[in-house]
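The values are calculated or read from the model by the stated rules, or taken from the named source; none is laboratory data. Just so it is clear, the structure is predicted and the values come from calculations on it, not from any experiment. Because the Cβ atoms are built from the backbone with ideal geometry, glycine has one as well, and the counts that use them run over all protein chains shown. The area values use the complete protein model at the heavy-atom level, side chains included, leaving out ligands, DNA and RNA. Shrake-Rupley method; radii C 1.70, N 1.55, O 1.52, S 1.80 Å.
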Amino acid sequence: MKLNAASEMLPMSRAEFGGIHPLAPKDQTEGYNEMITEVEKYLCAITGFSACSLQPNSGAAGEYAGLMTLRSYFKSKR
C-alpha cells in the first residue's frame, strides 16, 4: 500500500476543497469546476495529451488507468 506524504495531502484536507457536499447544486460548485478544468488544461499542456482525467484517485484503479494509457500509446505506434 502506498502512503501519501502529509505535505501532499494537506491542501486536500482544507475545508475550502474537501468541504463541498457531493450533491451540492451546480451554482454552488462553479469555482470548483473552474479550478478542476484549469488543472486538466495544465496537465494536458505538460503531458501533450489531448485530454486527461483527474479520476481515478489512486490505488489499483490508478495503476490500471496508467497502464491502459501506455497500452493505447504503444498500440497507436504499430
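Restricting attention to the range 46-58, the residues being open to solvent by less than 80 Å² (accessible area, probe 1.4 Å) and farther than 29 Å from H21 by Cα number 2. Inside the range 59-78, can you point out the residues that are open to solvent by less than 100 Å² (accessible area, probe 1.4 Å) and within 20 Å of C44 (Cβ to Cβ)? Once the filter is applied, which keeps residues that are open to solvent by less than 100 Å² (accessible area, probe 1.4 Å) and within 20 Å of C44 (Cβ to Cβ), the range 59-78 yields G62, A65, G66, M68, T69, L70, S72, S76. Considering each residue of the range 54-66 in turn, none proves to be closer than 20 Å to M9 by Cα and modelled with pLDDT of 90 or more.
Residues in the range 1-45 that are open to solvent by 90 Å² or more (accessible area, probe 1.4 Å) and in contact with a helix residue (DSSP H, G or I) (Cβ under 7 Å, 6 or more places away or on another chain): M12 alone. Close contacts from the range 50-72, counting a first residue that is within 26 Å of M35 (Cα to Cα) and a second that is basic (K, R) and open to solvent by 70 Å² or more (accessible area, probe 1.4 Å), with Cβ to Cβ under 8 Å and a gap of 6+ residues or different chains, come to S58/K2; G59/K2. Kindly evaluate A45 against the criterion of being within 14 Å of the chain's Cα centre (by Cα), under 30 Å from S72 (Cβ atoms) and among the small types (G, A, S). Here the answer is no, as A45 does not meet what is asked.
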